[in-house]
Amino acid sequence: VLSKMAAARVIFAVTLLTHGTISSSRSEQCLQDCYKDNLTGSGKVDCKAWCHNRVRRDLKVRECVSLLAGNLVETESSEIGRPEELQVIHRSLEGHQTDGVRITWKPSDLGISHLQGFQVTLQGGRGDFSRSKCVQLHLTQDNLTSQQKLMEEYHYDGFQNLVVEAEYLVAVQPLPLPKAPELQQDRLSTLTFQARACESVLNKSLQECMDEWLPETVKVNSSSTSAVVAFDLAPERYKFSRYIVHFGRPPNNYLELVKWEPENVTLHIVLQPSEANTTVLTFTLDNLEPSKPYSVQVSSDQLGAPISTPVVFSVQ
């Protein structure tokens, strides 16, 4: 259910183990560490097999790709446990006026010898329905061989520029992905959270935040003679009962202008839905003329409320 997303440049600090070859001295050290881990840890492994195939590595961040084109997918079925102790810690990048989070988790000791990394996804809900990002944390050589190191906590700092008070779902699953996609749910750990309030992130009063609210996303899907406008909802505690869709036409030379205002604008009232789990609001515009440009904007119904940037569209 994931869709498009904007990303921020960050520094990542995560580590893990994977396949590789090691020298005999490293093998001996690996065996010693593994035997020690077996005595003190909860998970028991075949140390000779473990040290023959694995060495410590850092995780390398990659964008997710098609399941059949470049992702780490099992060559044979194996049982790998879902990540444990999934947590979200709010931490914004210095100087940013938006919220950000650090995602932390620990791997399961089930199937730990097959582990090659993690896939981390973020999906926006109410307040940021268009937000979607997926990254894979692959493995790179680091010459550390302790099984206990593998069981340490991992974190990912790449989810920044979150919309204040918007709702999000984060999911973490181990790599490689299962050969059978229906098994992914059994390996998935999920957590729903809400970005910090406008007042704490922007240092403004609640009334100021309400007065300045704009939808993060306005989309238009058009058909032969109609178009469906979809936009984000304000935080529930703002208690907006209505939104306004501003429907008009761009000026004839709008492509030549840096800034312009729509013409012949009509206002359409859209009521706040009663369903508590609604993440996006839609409104349908009918009886449109083909091949002629239209514009649409959205605002709250508060007096003097700002209006979103015009979205230009046409029907075919």
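Counting just the Cα atoms, what span does region 194-316 cover along each of its three principal axes? Round to the nearest Å and put the largest first.
Projected onto the principal axes, the Cα atoms of region 194-316 cover 45, 34, 24 Å.
What does the extension gain come out to for Lys239 and Glu153, with contour length at 0.36 nm per residue minus their alpha carbon separation?
Length difference between fully extended and current span is 27.0 nm.
Probe radius 1.4 Å, ligands and nucleic acids ignored: give me the carbon and sulfur share of the accessible area of region 154-312 as a rounded percent.
Percent of accessible area from carbon and sulfur atoms in region 154-312: 49.
Pop the C-beta distance of Asn252 and Asn287 into the FRET formula with R0 = 25 Å and round what comes out to the nearest 0.05. Numbers along the way, then the final one.
Working: r = 22 Å, r/R0 = 0.87.
So, using R0 = 25 Å, E works out to roughly 0.70.
At 1.4 Å probe size, with every protein chain present, just tell me what the per residue accessible area of region 179-316 comes to in Å².
Each residue of region 179-316 exposes 58 Å² on average to a 1.4 Å probe.
Where Lys and Arg each count +1 and Asp and Glu each count -1, what net charge lies around Val120 among other residues with Cβ under 15 Å from its Cβ?
+3
Does region 148-241 come out rounded, prolate or oblate by the C-alpha gyration tensor, with a ≥ b ≥ c the root eigenvalues, rounded set by a/c under 1.5 and, if not, prolate when a/b is larger than b/c and oblate if not?
In terms of gyration-tensor shape, oblate.
The values are calculated or read from the model by the stated rules, or taken from the named source; none is laboratory data. Bear in mind that the values here come from a model prediction, so they are computed numbers and not experimental data. Neighbour counts are summed over all protein chains in view; Cβ atoms, including those assigned to glycine, are modelled from backbone coordinates with ideal geometry. These accessible areas exclude ligands, DNA and RNA; they are computed on the full protein's heavy atoms, side chains included. Shrake-Rupley method; radii C 1.70, N 1.55, O 1.52, S 1.80 Å.
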